[in-house]
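J.: My questions will all concern the structure given below.
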Amino acid sequence: MRIDIITVLPELMKSPFEASIMKRSIAAGIVQVYFHNLRDYTSDNYKSIDDTQYGGGAGMVMMVEPIDKCIRKLQEQRSYDEVIYMTPDGQTLNQGIANHISLKQNIIILCGHYKGVDQRVRDHLITREISIGDYVLSGGELGAVVLCDAIVRLIPGVLGNETSALTDSFQDNLLAPPIYTKPRDYKGWKVPPVLFSGNFPEIEKWRDEQAFKHTKTNRPDLLGDDV
Ligand code: ADE
């Protein structure tokens, strides 16, 4: 997968791609990530990317021209499956959306700033708008990093154990069950004995029950129950 990220703050985003799973997926050649600074696509001496709102109102708006130039330049070089705009009023990111995007070849992610982008960007250049939750960040950069992490780990070959993403929370609309490792007893805090019973059908049953209980307590909305 190739990910092209359009931002005014590439320095805010680079380190998450230089560690752990994202770094490994890039080193293995499974993922390529490129940053594009919007200021390189401006046409005035001040390298302006924003201006005041027509009709009045507080806050600056990101202008259509630099964004259009940057996206068009990328699209002249290859075709893109998605042009994603990170914004608090987008579709809320969930595992289903992450699964869907992880199957794509080439994507562009545009990070918003200030009040957001000129509506014409959204109407003519963007294929999908994503929010990472109902709160407002200073810009789309951290949201874009979250999105990249969520999708990259799903690409086949990225995680060491290929099945491990399948047992994550949310893959079956349930949260994951509790997990334990050595020792069996730590200061009297014991691991449930079923887990070292060797009885795998019983272990599976226990995990299903626990996943259901955990979901009922923390996220009843996932079960379609009242919140
Ligand atoms: N930009 C600002 N807030 C955001 C959010 N919650 N999700 C995605 N992008 C954003």
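J.: What share of Cα pairs, in percent, lie more than 17 angstrom apart in region 128-185?
T.: Roughly 59 percent, rounded to a whole number.
J.: Report the Cα centroid-to-centroid distance between region 134-162 and region 56-108 in angstrom, as an integer.
T.: Between the Cα centre of region 134-162 and that of region 56-108, the gap is 14 Å.
J.: Okay, moving on. Round to the nearest 0.05 the FRET efficiency obtained for ASN99 and GLN32 when R0 = 25 Å and r is the Cβ-Cβ distance.
T.: Approximately 0.75, to the nearest 0.05.
J.: Considering the options THR127, ALA58, ILE107, tell which one lies farthest towards the positive end of the dipole of region 2-152, charges being +1 on Lys and Arg and -1 on Asp and Glu at the Cβ, about the Cα centre.
T.: The listed residue farthest towards the positive side: ILE107.
J.: I've got another one for you. Checking the a/c ratio against 1.5 first, then a/b against b/c, what shape does the Cα gyration tensor give for region 169-226?
T.: Prolate, since a/c reaches 1.5 and a/b exceeds b/c.
J.: Here's another thing I want to ask about it. For region 2-152, state what percent of all Cα-Cα pairs lands in each successive 10 Å bin, counting from 0 Å until the bin that includes the largest distance.
T.: Spelled out per bin, shortest first, that is 11, 42, 36, 10, 1.
J.: Pull up the cross-link candidates among the aspartates and glutamates for LYS216, meaning alpha carbon to alpha carbon under 19 Å and not fewer than 8 places away within one chain.
T.: Within reach: ASP168, ASP172, GLU204, ASP208, ASP225, ASP226.
J.: Go through ASN94, THR167, SER79 and say which Cα lies farthest out towards the positive end of the charge dipole of region 58-173; charges sit on Cβ, +1 for Lys and Arg, -1 for Asp and Glu.
T.: Result: SER79, furthest along the dipole toward the positive end.
J.: Carbon and sulfur: what percent of region 147-208's accessible surface (1.4 Å probe)? Walk me through the numbers before you get to the answer.
T.: Values: 2470 of 4260 Å².
Here it works out to 58 percent.
J.: Below 8 Å, C-alpha to C-alpha, sequence gap of six or more: please give me the relative contact order for region 2-152 in percent.
T.: Working: 251 pairs, mean separation 44.5, N = 151.
Value for region 2-152: 29 percent.
J.: Sort 14-27, 107-120 by packing, meaning the average of other beta carbons within 10 Å per residue, with the highest value first.
T.: Highest to lowest by the protection proxy: 107-120, 14-27.
J.: In deg cm²/dmol, rounded to 500, what helix-only [θ] at 222 nm does the chain give when every DSSP H run of at least 4 residues adds -39500 (n - 2.57) and the total is split over its residues?
T.: Value at 222 nm, helices only: -9000 deg cm²/dmol.
J.: Sort all Cα-Cα distances of region 117-227 into consecutive 10 angstrom bins from zero, then give the percent of pairs in each bin up to the one containing the longest distance.
T.: The calculated distribution, bin by bin, is 11, 25, 32, 20, 8, 4, 0.
J.: Give me the percent of DSSP beta bridges within the chain that run antiparallel, rounded to the nearest 5.
T.: Of the beta bridges lying entirely in the chain, close to 20 percent run antiparallel.
J.: Suppose every Lys and Arg Cβ carries +1 and every Asp and Glu Cβ carries -1, with no other charges. What dipole size does the chain come out with about its Cα centre, to the nearest 20 debye?
T.: Charge dipole of the chain: 740 debye, to the nearest 20.
The values are calculated or read from the model by the stated rules, or taken from the named source; none is laboratory data. Everything numeric here is computed off the predicted structure, so don't read it as measured data. With ideal geometry, Cβ positions are generated from the backbone for all residues, glycine too; neighbour counts draw on all protein chains shown. Areas reflect the complete protein model, heavy atoms only, side chains present, ligands, DNA and RNA absent. Shrake-Rupley method; radii C 1.70, N 1.55, O 1.52, S 1.80 Å.
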